Amino acid sequence: MNAISARGLTKTYRSPRKAQGLLASLRSLWHREHTVITAVSELDLELAPGETVGFLGPNGAGKTTTLKMLAGLIEPTAGTVRVLGYDSTQRPPELLRRLTLVMGNKQQLLWDLPPSETFELNRALYDVDRARFARIRDELVDLLALGSVIDRPARNLSLGERMKCELAAGLIHEPEVLFLDEPTIGLDVSMQVAVRQFIADWSRRHGATVLLTSHYMDDIAALCSRVVVIDGGRLRYDGALTALAERYAPERAVRIRLARPPVEPVGPLAVVGQELVGQVPAAAVPELLARVMATGEVLEVSVEPQPLEDALRRLFGGAA
Amino acid sequence: MLRALRAYPALLRIGFAAVVAYRAELVVWILTASMPLIMLGVFDRVADAGPVAGLDHAGVAGYFVAVLIVRQLASTWLVWELNQQIRTGALSAALLRPLHPLVWHSAETLATVPLRVVVLAPLLLPIWLWRPELQLALDPASLLVFTASVVLAWGVNFAVHTAFASLAFWLGQSMGLFQVWFGVWVLFSGYAIPLGAMPEWAQLFAEWAPFRAIIGIPADVLSGRVTLAHAPQLLAVQALWLCAFAALGGALWRRGVRRYEGQGA
C-alpha cells in the first residue's frame, strides 16, 4: 500500500473580484463578481512508504493547495486522497496522529510561551506517553541544536530558531508522513543546511514518507531523488531528479583556462580572455575536451552541470 | 473522548500559562465586563424611591454582584478568536491536530477562571463594605443549583459563540452579526437591567428568548430569587437552549470547516 495516493485531485476556488476605486467599492456592495480559479487539476500522485519526494512548481502552481488537500486541511473539489490508507478529507484522528504539515510561513508555536510548552501541548494532544516524549524531545533538541531556545518565549526567537522549533513541534508525535511546505524559507544559508541535514537524518532514522516543497533547489537536490513538478495546477513531470536535469538541462557549463589566450573558438566554446567558455551537450564534452587537451596548453578545466533552476525554467517556459 | 479527557489537565495548565503571559490584557478584558457595577449604582439610586422589580437596596446589590460573578464565570471570547483564525488561516494548525479545536478553546477559556476570580475579589469587597446587608444564596443546595446553572450558562454561551464564529466560514468575518446579538443580549439577558424591571412585553420576550439562560437565570439563583422547587424548571430551560445552540453551532461548524480554504496559511 502506498503511503500517499491521490487520484484526479482537483481544487477550484471562487475568488471575489473588485476593481480599484470608490465607485467599484460601492458597486461591490450590491453586485459581487467572482472568478473561478482552478488551483489544482486532475492530479495523480503516489508516494511509497519511506520515500522523500520534492514537489516543485512556480509561484501559484498549486503546490501548497495540493499539500493542504493531501493533509486533509481543505476539501478537494473532485478526486480522492488516501494517506496511510485513510481518506484524509475526513481528517480521522487516527490519521492526524500519524502525519504532520509544517508550513514555513505559519506557526503552530504558542506565541507568548516557550516552545517547550508547545511541545508539551502536542504531547498531550497526540497522547504521547511521557517516556517516549522525553526521548523524542531530547532527540529533536539535539539534532536541531535547540537547547538554548526552547525555554524562551517564541516571540523572542529569530526566524531560523522559530522555524526549527516549528519542525520540532511538528515531529513530537513521530509522524510517519511529513508534508513540508518551504521548511527553509527565510533562513540564512547555514541554517538552511542545518535544517536540510536534519530532515535527511530524521526521514532516514524514522523511515518517514516526506513530500517537500521548496524554492531552494539545493533543498531538493540534497533530499530528493524523485521530483513531482506541477504548473498551473497540472502535473508536468513525475520522475527521477537526474532524469529531469538530463531532459531539460542536458548541457554542461565548460570553462577551460589556457596558458595563452586562444586564437579562435573551439566548437561551441567561445574565447573569453584566456579562457574557452560555453555550454556543451553532455555527450559532446569528452570529445571536445580531448581536442583542447591535445593542444598541450590547458591549465585548468571545469565542467559543471547546469543548475536545476535552469531545467525548471525551461520546463515552465521561463516562468520559474 | 477518553484521549480528550486525558489531555484536558495539560490543556488547562498550558492555557493558564498563556493567560498569565497575557495577564495585563486579560485584566483589562475583565474590567470591561464590569458594567454591572455601573448599573448597580444606577439601580441603587432608583431604589431610593422604593423597591424596583421587588429589589430594595440590598436586593439590588445582591443581584448585580451575582450578575458580575456569573458574567466572569460564564464568559468566553471564542467568537473573536475563531474569527481571527478563520480569516488569517491560523485555524489550519488546530484543524490538523487530533483533538477538536473547540476542545482546546474550551480549555483556554476555562483556564482564565482562576485569574478572573482573583481580579473579581477586590471588586466585590467594596460593595460588601458599602451594602453589608446584601445577601447571596450560599447554602449548599443553592450553591449546587448555582454551579449547575453557571456551567449550563457557560455551555450556552460557548455554543452561541461557536455558531456565530462558524458563520465566518461563509462571510469572511462575523463579528458584525455577533455585535447585533450582543446588543440584544445586553438588554434582554438581565445583564444591564433586572428583567423584572422591564415592561411586560419585554419580560415576555426575555422569558422565551435564549439570553437569560446565559446571565439572568444563574444570577437569579445566586441572588436567592429562585426557590429550590422552581430551580429544576429553570435548569431545564438552560439545558434546552444548550442543546439547541450546540446542535446549531455543531452543524454550522461542520459545514463551515468543509468550506475552509486556509487562506494565508
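The residues on offer are B:Val237, B:Val257, and the sole one that is more than 15 Å from the chain's Cα centre (by Cα), among the β-branched types (Val, Ile, Thr) and within 14 Å of another protein chain (Cβ to nearest Cβ) is B:Val257.
Only one of the listed residues (B:Gly155, B:Gly196, B:Gly190) is under 20 Å from the mean Cα position of the chain (by Cα), at pLDDT below 95 and either crowded, with 23+ Cβ neighbours inside 10 Å or in a helix (DSSP H, G or I) (or both). That residue is B:Gly190.
Just give me the residues in the range A:11-49 being of a type outside the set (S, T, N, Q) and either closer than 27 Å to A:Gly239 by Cβ or not assigned by TED's automatic domain parsing to the domain that holds A:Thr209 (or both), in sequence order. Before you say what the answer is, go through the steps one by one.
Residues of the range A:11-49 that are of a type outside the set (S, T, N, Q), as a first pass: A:11, A:13-14, A:16-19, A:21-24, A:26-27, A:29-34, A:36-37, A:39-40, A:42-49.
A:Lys11, A:Ala39, A:Val40, A:Glu42, A:Leu43, A:Asp44, A:Leu45, A:Glu46, A:Leu47, A:Ala48, A:Pro49, listed by residue number.
Does at least one position in the range A:288-297 carry a residue that is surrounded by 13 or more Cβ atoms within 10 Å (Cβ to Cβ) and in a strand (DSSP E or B)? Scanning the range A:288-297, I find no residue that is surrounded by 13 or more Cβ atoms within 10 Å (Cβ to Cβ) and in a strand (DSSP E or B), so the answer is no. Meeting the requirement of 2 or more residues that are more than 14 Å from every other protein chain (Cβ to nearest Cβ) and polar (S, T, N, Q), the strands (runs of 3 or more DSSP E) wholly within the range A:1-104 are A:4-17, A:33-47.
Scanning the range B:94-142 for residues being in a helix (DSSP H, G or I), in contact (Cβ under 8 Å) with a residue 40 or more places away in the chain, away from chain A (no Cβ under 14 Å) and among the small types (Gly, Ala, Ser) gives a total of 2.
Within the range A:241-268, the set of residues being in a strand (DSSP E or B), touching a helix residue (DSSP H, G or I) at 6+ places or on another chain (Cβ under 9 Å) and among the hydrophobic types (A, V, I, L, M, F, W, C) comprises A:Val254, A:Ile256, A:Leu258, A:Val266. Inspection of the range A:246-257 finds a residue satisfying the criterion of being over 29 Å from A:Leu223 (Cβ atoms) and in contact (Cβ under 8 Å) with a residue 12 or more places away in the chain. Taking A:Leu276, is it at pLDDT 90 or above and buried (at least 17 other Cβ atoms within 10 Å of the Cβ)? For A:Leu276, the condition - at pLDDT 90 or above and buried (at least 17 other Cβ atoms within 10 Å of the Cβ) - is met.
Does the range B:43-81 hold any residues that are in a helix (DSSP H, G or I), closer than 30 Å to B:Arg259 by Cα and away from chain A (no Cβ under 14 Å), and which are they? Of everything in the range B:43-81, those that are in a helix (DSSP H, G or I), closer than 30 Å to B:Arg259 by Cα and away from chain A (no Cβ under 14 Å) turn out to be B:Leu78, B:Val79, B:Trp80. Please tell me if B:Ala4 is more than 17 Å from B:Glu108 (Cβ to Cβ), modelled with pLDDT under 90 and over 18 Å from the mean Cα position of the chain (by Cα). In short, no. Scanning the range A:127-134 turns up one or more residues that are within 23 Å of A:Gly50 (Cβ to Cβ) and either within 13 Å of chain B (Cβ to nearest Cβ) or surrounded by 20 or more Cβ atoms within 10 Å (Cβ to Cβ) (or both).
Could you tell me which of the residues A:Leu96, A:Leu101 is assigned by TED's automatic domain parsing to the domain that holds A:Arg162, buried (at least 20 other Cβ atoms within 10 Å of the Cβ), more than 22 Å from A:Arg155 (Cα to Cα) and touching a residue at least 12 places away in the same chain (Cβ under 8 Å)?
A:Leu96
Remark: B:Ala7 falls outside the filter, which requires a residue to be away from every other protein chain (no Cβ under 11 Å), among the hydrophobic types (A, V, I, L, M, F, W, C) and either part of a helix (DSSP H, G or I) or under 26 Å from B:Leu123 (Cβ atoms) (or both). Evaluation of B:Leu26 against the conditions (1) crowded, with 18+ Cβ neighbours inside 10 Å; (2) within 25 Å of B:Ser149 (Cα to Cα); (3) out of contact with any helix residue (DSSP H, G or I) (no Cβ under 8 Å at 6 or more places or on another chain) shows that the sole unmet condition is (3). Considering only residues of the range B:82-93 that are in contact (Cβ under 8 Å) with a residue 40 or more places away in the chain and either farther than 24 Å from A:Met69 by Cβ or touching a helix residue (DSSP H, G or I) at 6+ places or on another chain (Cβ under 6 Å) (or both), which is nearest to the other protein chains (Cβ to nearest Cβ)? Selected residue: B:Leu91. Scanning the range A:105-126 for residues that are at the interface with chain B (Cβ under 7 Å from one of its Cβ atoms) and of a type in the set (S, T, N, Q) yields a single hit, A:Gln108. Restricting A:Pro114, A:Pro153 to residues that are surrounded by 20 or more Cβ atoms within 10 Å (Cβ to Cβ), of a type outside the set (A, V, I, L, M) and over 25 Å from the mean Cα position of the chain (by Cα) narrows the list to A:Pro114. Residues in the range B:151-184 that are among the aromatic types (Phe, Trp, Tyr) and free of Cβ contacts under 8 Å to residues at least 60 places away in the same chain: 2 in all.
The values are calculated or read from the model by the stated rules, or taken from the named source; none is laboratory data. Note that the structure is a prediction, hence the values are computed from the model and not measured. Note that each Cβ is placed from the backbone with ideal geometry, even for glycine, and that neighbours are counted across all protein chains shown.
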